[in-house]
1. Between residue 620 and residue 182, what's the calculated FRET efficiency when r is the beta-carbon distance and R0 is 60 Å? Round to 0.05.
2. Report Rg/Rh for the chain, rounded to two decimals, where Rg is the Cα radius of gyration and Rh the Kirkwood radius.
3. Return the loop-located GluC sites (Glu not before Pro) in region 54-153 (DSSP other than H, G, I, E, B) with at most 16 other Cβ atoms within 10 Å of their own Cβ; answer none if there are none.
4. Extension gain residue 690-residue 166, at 0.36 nm per residue separation less the Cα-Cα distance, in nm?
5. To the nearest 500 deg cm²/dmol, what mean residue ellipticity at 222 nm is calculated for the chain from DSSP H runs of n ≥ 4 alone, each contributing -39,500 (n - 2.57), summed and divided by the residues?
6. So which trypsin sites (Lys or Arg not before Pro) in region 113-192 are both in a DSSP loop and have at most 13 other Cβ atoms within 10 Å of their Cβ?
7. Using a 4.7 Å cut-off between beta carbons, which cysteines in the chain end up with no partner cysteine at all?
8. Beyond 18 Å, what share of the Cα-Cα pairs of region 631-717 remains, rounded to the nearest whole percent?
Amino acid sequence: MNRDSATVADVLLPLALPGPYSYRRPPGLLLTPGDYVVVPLGPRQMIGVVWALRDAAPEGRALRDVAERFDFPPLAETHRKFVDWLAAYYLEPAGNVLRMVLRVPAALGGAREQLAYRASGTAPRRLTPQRARVLDVARDGFAMRASELAEAAGVGTSVIKAMVKDGALEEVSLPALRSFAEPDLGAGTLQLTRDQEQAARELRAVVAARIHKVVLLDGVTGSGKTEVYFEAMAAALAGGGQVLLLLPEIALTSTFLARVEARFGVEPAQWHSDLRLRERERVWRGLATGEARIVVGARSALFLPWKKLGLIVVDEEHEGAYKQDDGVSYHARDMAVLYGTIGKFPVILSSATPSLESLVNVDRGRYGLVRLKDRHGRPELPQISLIDMKTAKLDSGSWLSVPLVDELATTLAAGDQALLFLNRRGYAPLTLCRACGHRLECPNCAASLVEHRFRRQLMCHHCGHLEAIPKACPACQAEGKLVPVGPGIERLAEEAARRFPEARLAILSSDLSRGTLLRDALRQVERGEHNLVIGTQLVAKGHHFPFLTLVGVVDADLALESSDPRAGERTWALMAQVAGRAGRGDKPGRALIQTHMPDHPLMQALRKGDRDGYLNQEKSIRERAGLPPYGRLAALIISGSDGAETERFARSLAKIAPSAAGLTVLGPAPAPIALVRGRHRWRFLVKAQREVNLQAYLRDWLKEVKPKGSLALAVDVDPYSFL
Ligand code: ADP
Ligand code: ZN
């Protein structure tokens, strides 16, 4: 496109719009596709991105002018295509996807507004609720621009100005953004073992070929996958590309980042939800200009304005946390592969327990496979034994069987570290009245309230509703009859403390610690400052605890008892991951699994360490049922505040569902959790053969559908949650 002659700019805005809006290019304003611009929309001014330039205006409409262009490198064409393709794949308006790219608008205008404000410590003369909110935001002492402070506090900038005048806020100039140093590719190389070197050579060759190829790096925990993919990253950096290393958010620990820094001689850019605004800005700018070369980030790092990506590594590729279900729902692993297709660069998927999706893609010859067999310096995974809970005798209020308690005692006596794993937050999952049998439920959701004893509250895990633990049963008014049923992690900790009063306990669950607190706690565990760790799946993954020699799984059956087609695969991965925490240091490790189903093929396979046997069996079950990865699924979730109206809407959709070959529409049926946050929920599941164009079918079905009032319709392509 000749940018000097084009008269019309199609600008995509970060709003729920299916496509770009057209604006006039004022004479004298040079534009190129990908430019960030400001355009009017109604009474507002908005930042958008030039999606295309054209010569002729659509007939009969006077276009408004593009107001200005940011002096900033344009959003790369690859990235724009990525936005469009992702939107089409998930049936999302492209503008919603662009919104995820434009998360840090301040980074664009960074050069303009360099004054910032922070709390001065002087109380304002007049404290309105608005001013109190501003002080609340400014309390942490970090300076923010007036517009950012206003937005975070939900007030207008005039409030900020008045508070500056009043002396409650003080003005400071923002320091220049720190620049990114060039990586030193030879900084911290290890002497690789022969197997590792062979694997690294294969990956380097893929990177050097500069083609799109997906490689599954499959090796038990501790086999050196990280060291090996570091070599591929070095090769991509040497070739001039940028590199993204994706991790599940929780695995982004300071220890891991230090490892990346040691290998490449520079602090990598990080991207996760705890980042301060200013640091976000630095990373966003650094990537757009190409100055930042390595990002270690959580799933949303995919949307950063990459100038020239040369490699994506998805670590723990099997991890469910890569699926985002709020807002735009997408799977970061799948989208990493899509990005690689568009950008023609390789993608490495790394895991000790690869997803069936990836393994089947290897079977089909679509993905390459690089396998690391041995644990570095140690031949095998920890030995796994099963404890049959059908015959184990437990005292009431107790969940640890005799063999597990004995092993724990031996481990602690030897000065080693043990981990008890229970994937259930809180104190007890259920509270019942012993007098009338009433169970305490959330007022907004069809779900039990979970007792959280540390907080002294009952909590709903679906909507976050909190209430005090009542003294009397709300149904029969009997006092002192409410009893907790079943264990959560807090209750397990109580038992552990009772049995091992000398132990130095650490309890790790997302309720008890988050962010830096959690990172600190994990570091203490790494250093061996605790010898008995009790944790949810938070501790199961990715961490390197060198002193840990025993893992006890308190209830392995929890995850299996679900209608989710991936329940078996997921339980396998979780068990292998958590068992794999043991024996990563000098001493060998072992794992004990308490189960009521010791004869279940999954449990037997765990005991024998027969991963491939188990997964082959899973594959044939899925293949026969036409489930992913052999078939495709999409879910439609219909919700509304009125039960009858929601049901009527769901049934009306069923009536207009087109029939198509190779595709079945199941439902509508009330969702397993039929009420969440006061909204009634119904579901459809669309099951299609692999050759069917599922998106085209859904688009056709839903093209005329316009939910009214409180009704809403959400489409989940490739669903991972069936609740
Ligand atoms: P994985 O990613 O497969 O779990 P890691 O790469 O984290 O495995 O390796 C496990 C541990 O072994 C790490 O502490 C790592 O530094 C160490 N390690 C792996 N390979 C080597 C090697 N060739 N030389 C020295 N240490 C190694
Ligand atoms: Zn609730």
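1. 0.75
2. That ratio is 0.97, to two decimals.
3. Here the sparse-neighbourhood loop sites are 59, 113.
4. 182.1 nm
5. Taken over the chain, the calculation gives -9000 deg cm²/dmol.
6. Sites meeting the loop and neighbour criteria: 125, 126, 139, 178.
7. 463, each lacking another Cys Cβ under 4.7 Å.
8. That tail contains 39 percent of the Cα-Cα pairs.
Read the figures in this text as sums done on the coordinates, not as results from a lab. Note that the structure is predicted; figures quoted are calculated from it, not measured. Quick reminder, even Gly has a Cβ in these numbers, built from the backbone with ideal geometry, and neighbours come from all protein chains shown.
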